[in-house]
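Written below as structure tokens is the structure these notes are about.
The values are calculated or read from the model by the stated rules, or taken from the named source; none is laboratory data. In this text, all values refer to a predicted model and were calculated from it rather than measured experimentally. Here the Cβ is made from the backbone with ideal geometry for all residues, glycine too, and neighbour counts use every protein chain on show.
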Amino acid sequence: MCADHPAFGYVDHRPLSVWILAVWKRLLGEALVAIRLLPALVGAACVVLGGEFARALDGGRWAQRLTALAMVAAPVYLGTHHVFSMNSFAALLWLLAMRAVIAALDAPRRWPLAVAWLVVAAILLLGGRSRGNYLVPAYPPLLAAGAVALERFAGRRGRMVRALPFAVLVLGSAPLVPLAIPILPVERYIPYAKALGQEPSTDERKEVGPLSQHYADMHGWQELTDLVVRAWETLTPEERARAAIFGQNYGEAGAVTVLGRRRGLPEAISGHNNFWHWGPPKRGDGSIVVIIGGDEADHMESFASVTAVDTLHAPLAMPYERGLTVFIGRGLRRPLAEAWGRVRHYD
Amino acid sequence: MDAPQPPPQAPPPLDRRGLALLALAFLALELVVIRQYG
């Protein structure tokens with residue numbers, strides 16, 4: 001959605017990845033396959049750059065291959081590069097930035113990598129609100145440095161010793177791949193993850209269901225869009241001309257906008273993060289609103305009448321998304337501008 | 001008189017084939033998923 005609204009900054013994004021996506025969508029369209037191809041290509045480039053980084057640290061073929069294999073085998077990089085997000089470019093930027101630092105030195109040295117990592121880790125710790133995974137993009141140069149150090153140790157030893165790190169990487173990572181990218185059908189994934197001792201989790205202090213949030217957030221959007229289309233089709237043509245669709249968060253509003261575009265739905269609105277800045281509906285007066293989720297009693301305070309259309313059934317979605325009711329609110333009690341000022345939330 | 005400086009050592013060659021194969025393996029894994037769910 002942000003790529004449809006180019007700007008110099010966003011509430012919860014830095015702008016670079018958004019600008020890149022805007023250009024990419026212009027070139028290849030907005031099919032999911034096309035959008036997801038870009039981070040996959042970036043991830044593949046990181047594999048090559050990781051190996052090249054080892055070479056810049058005086059690593060030979062063995063160290064270069066070990067670094068590149070570590071990039072392929074690390075589940076976190078597989079998981080980061082199969083969907084588009086601002087995180088898709090972070091490892092690439094770290095590699096390029098640290099490579100420039102190494103190139104500026106008169107000899108290949110590893111200490112700048114440790115210093116950079118320690119400085120950023122300290123900043124994140126002092127910030128107090130950071131997650132451990134913020135440091136994930138910083139590791140590829142360290143993987144290269146580690147591979148070069150291992151090469152110096154293993155280079156003077158036999159073939160078995162030299163093969164061992166490769167075997168450990170492959171055998172250690174292979175069972176974890178289904179946790180990073182959805183290669184298993186969901187009905188097989190759930191018992192598989194449980195057998196590995198992997199409980200569903202989230203980084204956002206939210207309740208989780210049978211799936212971790214990165215997988216749960218892939219469920220329910222089509223069903224939600226179907227439900228909103230059903231609600232929209234109950235409106236008369238005159239009502240549709242002045243109606244809006246309101247989501248409680250950017251996930252709902254974004255999904256209904258993208259998936260509903262070909263089904264005749266207008267762009268959805270929301271008070272969440274950047275959606276609030278994109279403003280109230282440009283068409284109509286907001287006096288008829290298809291409302292995704294929320295509480296009926298709350299909606300009654302804002303509208304003269306509220307009708308529940310149906311409730312979403314999406315058992316694999318995040319708990320706060322799976323049982324949403326879609327309402328139609330009629331007769332906004334406040335002027336639209338005043339109502340819009342009350343719906344903003346940044347989180 | 002200063003001792004002659006050794007010539008700077010050439011960096012190791014880049015393992016183009018190995019890195020390309022590993023990058024392709026990464027891309028193939030991602031594309032399997034992207035094709036299936038994209």
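Here are the numbers:
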| item | result |
| --- | --- |
| Hits in region A:150-171 - residues which are loosely packed, with under 12 Cβ neighbours inside 10 Å and of a type in the set (Val, Ile, Thr) | A:Val168 |
| Strands (runs of 3 or more DSSP E) lying entirely in region A:282-347 (those with 2 or more residues that are under 27 Å from the mean Cα position of the chain (by Cα)) | A:288-292, A:325-332 |
| Answer residue from region A:155-165, given it is part of a helix (DSSP H, G or I) and within 16 Å of A:Gly59 (Cα to Cα) and is farthest from the chain's Cα centre (by Cα) among those | A:Arg162 |
| Residue satisfying condition, being surrounded by fewer than 11 Cβ atoms within 10 Å (Cβ to Cβ), among the small types (Gly, Ala, Ser) and within 13 Å of chain B (Cβ to nearest Cβ), within set A:Ala107, A:Ala147 | A:Ala107 |
| Qualifying residue in region A:145-167 (condition: modelled with pLDDT of 90 or more and touching a Lys or Arg at 6+ places or on another chain (Cβ under 7 Å)) | yes |
| Unmet criterion (only one of (1) buried (at least 18 other Cβ atoms within 10 Å of the Cβ); (2) of a type outside the set (Asp, Glu); (3) farther than 20 Å from A:Leu135 by Cβ) for A:Leu78 | (3) |
| Residues located in region A:221-247, provided they are crowded, with 20+ Cβ neighbours inside 10 Å and not in a helix (DSSP H, G or I) | A:Ala243, A:Ala244, A:Ile245, A:Phe246, A:Gly247 |
| Count of residues meeting criterion [part of a helix (DSSP H, G or I), of a type outside the set (Lys, Arg) and more than 18 Å from the chain's Cα centre (by Cα)] in region A:45-97 | 26 |
| Filter pass, A:Gly127 being small (Gly, Ala, Ser), loosely packed, with under 12 Cβ neighbours inside 10 Å, free of Cβ contacts under 8 Å to residues at least 40 places away in the same chain and more than 25 Å from A:Met71 (Cα to Cα) | yes |
| Subset of region A:204-258 [among the aromatic types (Phe, Trp, Tyr) and under 20 Å from A:Val326 (Cβ atoms)] | A:Trp221, A:Trp232, A:Phe246, A:Tyr250 |
| Pairs, first in contact (Cβ under 8 Å) with a residue 12 or more places away in the chain and farther than 15 Å from A:Ile245 by Cα in region A:283-306, second outside any loop (DSSP other than H, G, I, E, B) and among the basic types (Lys, Arg), C-beta under 8 Å, six or more apart | A:Ala304/A:Arg330; A:Ser305/A:Arg330 |
| Positions within region A:24-33 being facing chain B (nearest Cβ under 8 Å) and either buried (at least 20 other Cβ atoms within 10 Å of the Cβ) or in a helix (DSSP H, G or I) (or both), in sequence order | A:Leu32, A:Val33 |
| Complete set of residues in region A:175-186 that are part of a helix (DSSP H, G or I) and either touching a residue at least 24 places away in the same chain (Cβ under 8 Å) or in contact with an Asp or Glu (Cβ under 7 Å, 6 or more places away or on another chain) (or both) | A:Leu176, A:Val177, A:Leu179, A:Ala180, A:Val186 |
| Unmet requirement for A:Ser17, which otherwise passes all of (1) within 14 Å of chain B (Cβ to nearest Cβ); (2) farther than 30 Å from A:Pro108 by Cα; (3) crowded, with 17+ Cβ neighbours inside 10 Å | (1) |
| Conditions (1) surrounded by fewer than 21 Cβ atoms within 10 Å (Cβ to Cβ); (2) touching a helix residue (DSSP H, G or I) at 6+ places or on another chain (Cβ under 6 Å); (3) under 30 Å from A:Ile190 (Cα atoms); number of the one not met by A:Gly294 | (2) |
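For every residue, the table says whether it meets (1) touching a residue at least 12 places away in the same chain (Cβ under 8 Å); (2) in contact with a Phe, Trp or Tyr (Cβ under 9 Å, 6 or more places away or on another chain); (3) more than 14 Å from B:Ala23 (Cβ to Cβ).
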position	(1), (2), (3)
A:Cys2	yes, yes, yes
A:Pro6	yes, yes, yes
A:Val33	no, no, yes
A:Val42	yes, yes, no
A:Asp58	yes, no, yes
A:Tyr77	yes, yes, no
A:Phe84	yes, yes, yes
